[in-house]
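S.K.: Pasting in a structure now, in structure tokens, and then I'll have a few things to ask.
The values are calculated or read from the model by the stated rules, or taken from the named source; none is laboratory data. What you are looking at is a predicted structure, and each value in this text was computed from that prediction instead of being measured. Methodologically, a virtual Cβ is constructed for each residue, glycine included, from the backbone with ideal geometry; neighbour enumeration extends over all protein chains shown. For accessibility, only protein heavy atoms count, side chains too; no ligands or nucleic acids. Shrake-Rupley method; radii C 1.70, N 1.55, O 1.52, S 1.80 Å.
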Amino acid sequence: MSRALSLRRSIHHLLCRGPSQPISTAFPPTKPPIPPNNRYPSNPVRTFSTSSPAPASSEAELRRYLGYTALVLFCGAATYFSFPFSENAKHKKAQLFRYAPLPEDLHTVSNWSGTHEVQTRNFHQPETLEELEKLVKDADEKKTRIRPVGSGLSPNGIGLSRAGMVNLGLMDKVLQVDKEKKTVRVQAGIRVQQLVDGIKEYGLTLQNFASIREQQIGGIIQVGAHGTGAKLPPIDEQVISMKLVTPAQGTIEISKDKDPDLFYLARCGLGGLGVVAEVTLQCVERQELVEHTYVTDMNDLKKNHKRLLSENKHVKYLYIPYSDAVVVVTCNPISKWRGPPKFTPKYTKDEAIQHVRDLYKECLEKYRNGEITANLVDELSFTELRDKLIALDPLNKEHIVRINCAEAEFWRKSEGYRVGWSDEILGFDCGGQQWVSETCFPAGSLSNPSMKDLEYIEDLKQLIEKRRIPAPAPIEQRWTARSRSHMSPASSSNEDEIFSWVGIIMYLPTMDGRQRKDITDEFFHYRRLTQTALWDKYSAYEHWAKIEVPRDKEEQAALQARLRERFPVDTYNTARKELDPNRIFANNKLEKLFPVSQAA
């Protein structure tokens, strides 16, 4: 101890010596001695000595630079050992330089377009009604969420929840068919195509179809999905009774005769009132349809619009941005007297698509110096070619215009007729992964259309051209009759009222993260412009499977207030409190759309 104290005093003495007692050096100083009144200057004289220590400030600087060096080395090492990820290492453990594959009990659930994804350890697939009832009861007692999720086709991932989900994919049976009444009772996990295949032997089918057949019946009715035809309602209107598993009241069966208020609320209930376990549907006789596809323009369409809506069982329009071309597709039962139409197409399928192939080959030379062989190009379908063309330069407006013009020409060369069963004809190849925003708004009545539906499209196309939006084709427009389900976007007390549904789109034709982000940003800009210019003007509301909740709190509040103007939100939230008091069927999207605290 005495030696340490002596050493500290010696060092202090050396540092504090004045000019009359200079430190011995191996070389003479290069600057004059420090005057007595400035003993500790900011830039002290530097001497070279084998016996004297460095000044204190130099020691602090040295320690600081050593710290920076260590930090840089650590970050470099961490980056080197961390990347790239292995294929099965999608998350990190809290251990240095160590990544682990996904745990066996961790489920990754994504929607079809890959725009929404969650990981959860609580993904349940009961096989029987009893298992489902026990699952709901246990979750309610533990206050753990089990959001009902269907086949994951909703573009906005409305059924996803990180806290937990229940999927009825293993409850997919046809339970009962009444051929005379044309009804079928099914488990809610059955997919549309399974159901159609299961009842075709009875000569029955569904009244209408959405674009794809992979939806589970429980999901397709809960979000208010629809087909097309101004005389045909959305698909939820086909439900005549349903069995609902709830936390507070157990399993209840509801219909228009048994608890009609709850029935019309829960039929399009967004999965928030209970798990739809069984559904009884009103069907129709299975019949062949003849589909007629042709191209016209907006002037001609205005002249024939009312007739097209009233005379065709199914009708839809496909608009091509930056073009006056409108693709009209009608579907009707084959005439028993005349039979299918006799028609010889002007072009073969190869001839109709050849100019699109040529455009793709040309663009490959421009963008990628020809990385694909002609044989592979010839094997691609039109929608596959369109995806690949868009992927080359998805946000270049001029590039998208060329693709749209090629699409318009493809439809002109594809004009003609097609005959098939309704479940084969009414589908539509939507292309690859995509962002979609679809709105529903009133369009007058079947006997007196308001023409607001065509005005909406004209305003939309003008907006696209004015703002130079790289909007790909098609803008799809369909129609339905009204629904009596209170939460349906087509809900109305006027049985003659019709509604138009318009969808805008941007494709995600690549898995490149940066490119997908850029497309996503552009799509939401496109959607926001449409919302600002059109939604209030035409009383348009988004499809529940496509509505996106804004992150901004003020925008969320504005959306909540707007939904209250159209839908019985207080009634819906009150029912949620009564049937699901612990909100085990909620997720973030549902909570932000309908905050329960606002219930009456």
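S.K.: Find, among the GluC sites (Glu not before Pro) in the stretch 314-388, those assigned to loop by DSSP (not H, G, I, E, B) with at most 12 other beta-carbon atoms within 10 angstrom. Please list the in-between numbers first.
M.R.: Working: sites: GLU351, GLU362, GLU365, GLU371, GLU379, GLU384; in loops: GLU371, GLU379.
Those that pass, being in a loop and sparsely packed, are GLU371, GLU379.
S.K.: Residue by residue through the stretch 273-287, which ³J(HN,Hα) values in whole Hz follow from phi under the Karplus form 6.51 cos²θ - 1.76 cosθ + 1.60 (θ = phi - 60°), with glycine and proline marked x?
M.R.: Whole-Hz 3J(HN,Hα) from phi for the stretch 273-287: 9, x, 8, 6, 9, 9, 9, 10, 10, 7, 9, 9, 5, 6, 8.
S.K.: A further question follows. Compute the distance from the alpha-carbon center of the stretch 171-189 to that of the stretch 311-349, in whole Å.
M.R.: Rounded to whole Å, the Cα centres lie 33 Å apart.
S.K.: How large is the accessible surface of ASP350 in square angstrom, using a 1.4 angstrom probe and rounding to the nearest 10?
M.R.: 90 Å²
S.K.: How about the stretch 292-352: which trypsin sites (Lys or Arg not before Pro) there are in a DSSP loop, with at most 13 other Cβ atoms within 10 Å of their Cβ?
M.R.: When the trypsin sites (Lys or Arg not before Pro) of the stretch 292-352 are filtered for loop state and at most 13 Cβ neighbours within 10 Å, LYS336, ARG338, LYS342, LYS346 remain.
S.K.: If you don't mind, another one. Leaving ligands, DNA and RNA out of it, work out the accessible area of TYR68 with a 1.4 Å probe and give it in Å² to the nearest 10.
M.R.: Counting only protein heavy atoms, TYR68 exposes about 130 Å² to solvent.
S.K.: Under a 1.4 angstrom probe, counting protein chains only, how are THR330, THR571, THR520 ranked by accessible area, largest first? Please report the intermediate quantities before stating the final value.
M.R.: Working: THR330 10, THR571 80, THR520 30 Å².
Largest to smallest exposure gives the sequence THR571, THR520, THR330.
S.K.: For ILE240, list long-range residues whose amide hydrogen, built 1.01 Å from N in the peptide plane, is under 5 Å from its own amide hydrogen.
M.R.: Placed amide hydrogens put THR280, LEU281, GLN282 under 5 Å from ILE240.
S.K.: Also, I was wondering about something else. ASP261 label point, 7 Å along Cα→Cβ, cut-off 17 Å on backbone N: hits in the stretch 465-491?
M.R.: Residues 485-487 qualify, since their backbone N sits under 17 Å from the label point.
S.K.: Using heavy-atom solvent-accessible surface (probe 1.4 Å) with all chains present, what is the largest-first order of LEU593, LEU175?
M.R.: The residues order as LEU175, LEU593, largest area first.
S.K.: Order ARG527, ARG368, ARG514 by their accessible area, 1.4 angstrom probe, all chains in place, largest first. Can you show the working numbers first?
M.R.: Details: ARG527 30, ARG368 100, ARG514 185 Å².
Listed by decreasing accessible area, they come as ARG514, ARG368, ARG527.
S.K.: Using 0.36 nm per residue, how much length does the chain from ASP138 to GLU214 gain when fully extended, once their Cα-Cα distance is taken away?
M.R.: Details: separation 76, 0.36 × 76 = 27.36 nm, distance 3.00 nm.
Separation in residues times 0.36 nm, less the Cα-Cα distance, equals 24.4 nm.
S.K.: For THR183, list long-range residues whose amide hydrogen, built 1.01 Å from N in the peptide plane, is under 5 Å from its own amide hydrogen.
M.R.: ASP178, CYS283
S.K.: Rounded if a/c is under 1.5, else prolate if a/b beats b/c, else oblate: with a ≥ b ≥ c from the C-alpha gyration tensor eigenvalues square-rooted, which is the stretch 117-220?
M.R.: Values: a/c = 3.23, a/b = 1.68, b/c = 1.93.
Oblate shape, in that a/c is at least 1.5 and b/c is the bigger or equal ratio.
S.K.: Could you go through the stretch 312-317 in sequence order and give the Karplus-derived ³J(HN,Hα) for each residue, using 6.51 cos²θ - 1.76 cosθ + 1.60 with θ = phi - 60°, rounded to whole Hz, and x for Gly and Pro?
M.R.: Using θ = phi - 60°, the values come out as 10, 5, 10, 8, 8, 10 Hz.
S.K.: Using the alpha-carbon centroid of each, what span in Å lies between the stretch 216-242 and the stretch 377-408?
M.R.: 33 Å
S.K.: Further question: What ³J(HN,Hα) values, in whole Hz, does the Karplus curve 6.51 cos²θ - 1.76 cosθ + 1.60 give for the stretch 546-563 when θ = phi - 60°, with x put for Gly and Pro?
M.R.: 3J(HN,Hα) across the stretch 546-563, in whole Hz: 10, 6, 10, 8, x, 7, 5, 5, 5, 5, 4, 4, 5, 5, 4, 5, 5, 5.
S.K.: Name the lysines eligible as straight-distance cross-link partners of LYS461: C-alpha to C-alpha under 16 Å, and not fewer than 8 places from it in the same chain.
M.R.: LYS302, LYS397, LYS452, LYS537
S.K.: Rounded, prolate or oblate: pick one for the stretch 388-507, where a ≥ b ≥ c are the square roots of the eigenvalues of its C-alpha gyration tensor, a/c under 1.5 means rounded, and failing that, prolate if a/b is larger than b/c, else oblate. Display every interim value, and only then the final one.
M.R.: Values: a/c = 2.05, a/b = 1.51, b/c = 1.35.
It is prolate, given that a/c is not under 1.5 and a/b is the larger ratio.
S.K.: Which entries in the list LYS173/LYS316; LYS413/LYS546; LYS256/LYS577 go over 24 Å, if you measure between the two C-alpha atoms of each? Intermediate values should be presented prior to the final figure.
M.R.: Details: LYS173/LYS316 32 Å; LYS413/LYS546 32 Å; LYS256/LYS577 22 Å.
Over 24 Å Cα-Cα: LYS173/LYS316; LYS413/LYS546.
S.K.: Okay, next question. So, in nm, how far is label GLU455 from label ASP552 when the simple model puts each one 7 Å beyond its Cα toward the Cβ?
M.R.: 2.8 nm
S.K.: Quick one: which residues, 5 or more positions from ALA230 or on another chain, have an amide H under 5 Å from its amide H? H modelled 1.01 Å from N in the peptide plane, none for Pro or chain starts.
M.R.: Result for ALA230 returns VAL315.
S.K.: Tally Lys/Arg at +1 and Asp/Glu at -1 over every other residue whose Cβ is under 11 Å from the Cβ of SER241; what's the total? Numbers along the way, then the final one.
M.R.: Numbers: positive: ARG185, LYS243, LYS256, LYS258, ARG267; negative: GLU253, ASP257, ASP259, GLU278.
Value of the local net charge: +1.
S.K.: Give me the one-decimal nm value for the distance between modelled label points at ARG514 and ARG121, 7 Å along each residue's Cα-to-Cβ direction.
M.R.: 3.7 nm
S.K.: A further question on this structure: In nanometres, what is the gap between the two model label sites at ARG566 and GLN282, each 7 Å from Cα along Cα-to-Cβ?
M.R.: For the pair ARG566/GLN282, the computed spacing is 2.5 nm.
S.K.: Round to the nearest 10 and report in Å² the accessible area of GLU141, as given by a 1.4 Å probe over the protein chains' heavy atoms.
M.R.: 130 Å²
S.K.: Sticking with this structure for a sec: What is the calculated FRET efficiency for HIS355 to GLU591, with r their C-beta to C-beta distance and R₀ = 60 Å, to the nearest 0.05? Intermediate results must be reported in sequence, preceding the final value.
M.R.: On the way: r = 50 Å, r/R0 = 0.83.
Step by step, r from the Cβ atoms, then E = 0.75.
S.K.: Counting only protein heavy atoms and a 1.4 Å probe, tell me what percentage of the stretch 134-193's accessible area is made up of carbon and sulfur. List each step's numbers first, then the result.
M.R.: Details: 1270 of 2760 Å².
Percent of accessible area from carbon and sulfur atoms in the stretch 134-193: 46.
S.K.: With a cut-off of 16 Å, note down the residues of the stretch 259-297 whose backbone N falls inside the zone around a label point 7 Å from the Cα of VAL174 toward its beta carbon.
M.R.: 279-287
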